[in-house]
Amino acid sequence: EEFNNRIRWEIASEFGYNAIIGRTLEKTGSSSAFFNPDSLLAAFKEMKPWLEMNVLSGIVCTGG
């Protein structure tokens, strides 16, 4: 849920108040989102021991 909240915040800020600052979506006229599945799986594998130690083993990776 924290990840989803963060992504929502990043998208809202990118399309909202940050839309006119610097190299922006408004100036470039483009946007896209991509999550590299291999990178996400590698990050999950790195985090898995920490998740288990902190009683968060219910968080699973369904890809890969």
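Against the criterion of solvent-accessible heavy-atom surface with a 1.4 angstrom probe, 10, 52, 46 sort, most first, into 46, 52, 10. On the basis of the beta-carbon distance and an R0 of 35 Å, residue 44 and residue 15 show a calculated FRET efficiency of 0.80.
The label-point distance for residue 57 and residue 3, in a model that sets each label 7 Å from Cα toward Cβ, rounds to 1.9 nm.
The values are calculated or read from the model by the stated rules, or taken from the named source; none is laboratory data. Bear in mind that the values here come from a model prediction, so they are computed numbers and not experimental data. Counting neighbours? That spans all protein chains shown, and the Cβs are built from the backbone with ideal geometry, glycine included. These area figures cover heavy atoms from the full protein model, side chains too; ligands, DNA and RNA do not enter into them. Shrake-Rupley method; radii C 1.70, N 1.55, O 1.52, S 1.80 Å.
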